[in-house]
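To keep things clear, I will list the structure first and then write my remarks on it.
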């Protein structure tokens, strides 16, 4: 089966190591393009599209144009999903979120004694769509913030209370 286009890492490798390769040529034009031509063409195309969007009074804010959403696990239930989450990023960069895909769990752990940890996920503590905790963590997740995570240090620690305090600070 033929690929429509090469993988991103392979394309970057080709641009860097073989900028004059025949792979760079756009077969539909009479000229023979090289990597530099492709960069220039793509830049000019982007500027033209952005001017067109702006002239139509459309929003150029990437986070809003991308319209990220967190879909309910049952994709047929949009009423239980969260749409137009204001988050930048893209699938191949640090904040790896595309329109409908992103990290479902982020966690940072300091391996000290006792360990310190921070984490966040897109959603809420409750699986009940009627609960105010159904999607209460989405804004925190979208803004790139984390919550403290407490680890049980002995058998007597009550993890239910600890996690409840972390995820529901008002104890509602």
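Some values worked out for this structure:
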item	result
Residue pairs meeting the criteria (Cβ under 6 Å; at least 6 apart or on separate chains; first more than 12 Å from residue 65 (Cα to Cα), in segment 84-99; second part of a loop (DSSP other than H, G, I, E, B))	91/98; 95/89; 97/87; 97/89
Residue pairs meeting the criteria (Cβ under 8 Å; at least 6 apart or on separate chains; first on the phi > 0 side of the Ramachandran plot and free of Cβ contacts under 8 Å to residues at least 24 places away in the same chain, in segment 1-26; second surrounded by 12 or more Cβ atoms within 10 Å (Cβ to Cβ) and outside any helix (DSSP H, G or I))	none
Residue list for segment 27-42, restricted to those being surrounded by 12 or more Cβ atoms within 10 Å (Cβ to Cβ) and either within 25 Å of residue 92 (Cα to Cα) or at pLDDT below 95 (or both)	34, 35, 36, 37, 38, 39, 41
Filter result for residue 87 (touching a helix residue (DSSP H, G or I) at 6+ places or on another chain (Cβ under 7 Å), surrounded by 15 or more Cβ atoms within 10 Å (Cβ to Cβ) and under 30 Å from residue 46 (Cβ atoms))	yes
Residue list for segment 106-138, restricted to those being without any contact (Cβ under 8 Å) to a residue 40 or more places away in the chain, under 20 Å from the mean Cα position of the chain (by Cα) and either farther than 13 Å from residue 70 by Cβ or not in a loop (DSSP other than H, G, I, E, B) (or both)	108, 118, 119, 120
Meets criteria (at pLDDT 85 or above, under 30 Å from residue 136 (Cβ atoms) and part of a loop (DSSP other than H, G, I, E, B)) for residue 75	no
Unique residue being closer than 30 Å to residue 135 by Cα, at pLDDT below 95 and in a loop (DSSP other than H, G, I, E, B) when the list is 3, 60	60
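The values are calculated or read from the model by the stated rules, or taken from the named source; none is laboratory data. The model shown is predicted, which means the values in this text are computed figures rather than measured ones. Counting neighbours? That spans all protein chains shown, and the Cβs are built from the backbone with ideal geometry, glycine included.
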